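The values are calculated or read from the model by the stated rules, or taken from the named source; none is laboratory data. All of these numbers come straight from a predicted model, not from anything done at the bench. Here Cβ is always computed from backbone atoms with ideal geometry, including for glycine, and neighbour counts include all displayed protein chains. All accessible areas refer to the heavy atoms of the entire protein, side chains included, with ligands and DNA or RNA removed. Shrake-Rupley method; radii C 1.70, N 1.55, O 1.52, S 1.80 Å.
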Amino acid sequence: MTRDSTETPPAGGPTLQPAPDDAREVAASEDGSLDPLELLPVPEAAEENPIAMSAFTETLPEDTLPETEFLSHSTPSGRPAEIDPDKLDPDALKVIHRLLSHGHQAYLVGGCVRDLMLGRKPKDFDIATSAHPGEVRAIFRNCRLIGRRFRLAHIYFKGGKIIEVSTFRANPTELDASNVVAEADTGAENGEEGSEAEESQDLLITHDNVFGTAEQDARRRDFTMNGLFYDVAEGQVIDYVRGRRDIDERYIRTIGDPEIRMREDPVRILRAVRFAAKLGLDIESRTYAAMEGAVEDLPRCAPARLLEETFRLIRGGVAAPTLRLLSALDALKVLLPPVAAYFKENGRRGQDTFYAYAEALDRRVSSGEPLDDAILLAALLVPIAQTAPVVESQDPAERPSVAQAIEDLLAEFVQSARLPRRIAERCRLLLISQRTLTGERRRRTGAFRRHPLFNDALIVFEISVEATGQYREALEAWKRGELPPLKPAEGSSPEGGEAPRKRRRRRRRGGRKVGAGEGASASAAGSAGASGGDASEAGDSGDSEDSGDDADSGADSDGDSESDEG
């Protein structure tokens, strides 16, 4: 059933001004008795160098604040609190208390209010306030300002805990709306048409640091369920956007016109997909239609933001449902091009295999085991790497490679999306090592087991075995410290169904190559040592195969020496 979206009211609020770089220009002192915490020294405005992290993690007076009235189960009006105070974070309450004592508004906002109303435990507690970032830094000594496009205040507590504080902001597109209309009218009078008129109506937000009121801050957010504030002093939820209704009906709905909101920031497509999968909510029909139309704008977003949101989908243990939804939206061609190409080439069977890997990865993440980003990415790319032909270079100096599509994807992530080269290289090596774990490539076992990536490679291999059910015997052998049998090459099978024979170790015979003038002595030396050489090889391999051409022994010595060291 299609439901109407909550429309954004016309801009008629107070005049908004761009945020100053440092709000120390604003007088923060007040008359009357001072809170003991106000006696803390304030950093000088000229201090721009990063502060040592130990200064943020040490025990500060903020950590020893007495319990406040916000911890009471009753409000000043006598009504019960809408959210149990025992479920609120004490450090967040202390921050709110400090901001209120300095004459600022301060509320819990966003995901923590949403999760508490859904009966879930919030991952963190964020605060929205009327105080400018510089004012927040002046109030809290253990505070650092971050961000350029969107300045935030991080307040640090013991153990590396961070409470994020943001200033009330307004939607910059509402400020520009009147200017756009005026420019369009002026252009029409002057006969100006074409690209300039289209550019003036570009909805993509490129600046978002305009201060506003609490209501304007709620209306500039993406979805109604994220636009709720909680006043801990009154114990009441403040709802400017009808988010309580959508939470009760379990809908994801944009605040205002979904077409405009999705084109303002196409990354909201990924956020909606993540919320739908993580919280078990449905996407409202108009919002979903707007998401389909805004997929073409995803390449306009910063690649680093797209990559980070993609990793957040995988890290949350909901990779399978989110990737299914992104595939339905045709967004994988932008986010993970090799996956989209794999689906196109392998059809339904390829999709089933890929989602089996994603579901196995989700189970692993949901179990609480911390996994590196390289492991997460490699686990999803294993089925694509397995379908690529294996090309082994004869040059030992040349590094082994994976599928070209994966090489291109990792290179693109490093160059444009700021993926650390360390993670990209680890992912590539983890994919290469899977062929060794399955027995397709034989390497010296002792050196492979001692490799720093062996344990991570085994985790990816376990996910692969759980997804497909194949190579379970090989996995158990690796866990027991044994070497699994070598997998036969395609098109060949061991006679009588027996396991493949161990390759015979070839040894270099005859020393260096001889010239034409040394032919007689070389042939004599070769005939004298032929019987001893053949005997040693037979004893090493256990069979009586011909040794092959002596001319090839030198070229093959490196590859054939990679035999079992068990």
For this session: Compute the distance in nm between two label points, each set 7 Å from the Cα along the Cα-to-Cβ direction, one at A411 and one at I146.
Result: 3.3 nm
Seminar exercise, completed: With N residues in region 407-461, Rg(alpha-carbon) / (2.2 N^0.38 Å) equals 1.26
For this session: Take the cross-link list K94/K161; K121/K278; K123/K158; K121/K333; K123/K333 and give me the ones stretching past 24 Å between alpha-carbons.
Result: K121/K333; K123/K333
Seminar exercise, completed: Contour minus Cα-Cα span, R120 to E249, at 0.36 nm per residue, comes to 44.8 nm
Exercise. Ordering S166, S130 by how much accessible area each has at a 1.4 Å probe, largest first, what is the list?
Worked result: S130, S166
For this session: Give me D for region 249-386 in µm² s⁻¹, whole number, from Stokes-Einstein with Rh from the Kirkwood sum over alpha-carbon pairs, 37 °C and 0.692 mPa s.
Result: 213 µm²/s
Exercise. What do you get for Rg/Rh of region 273-336 when both radii come from the Cα atoms and Rh is the Kirkwood radius?
Worked result: 0.94
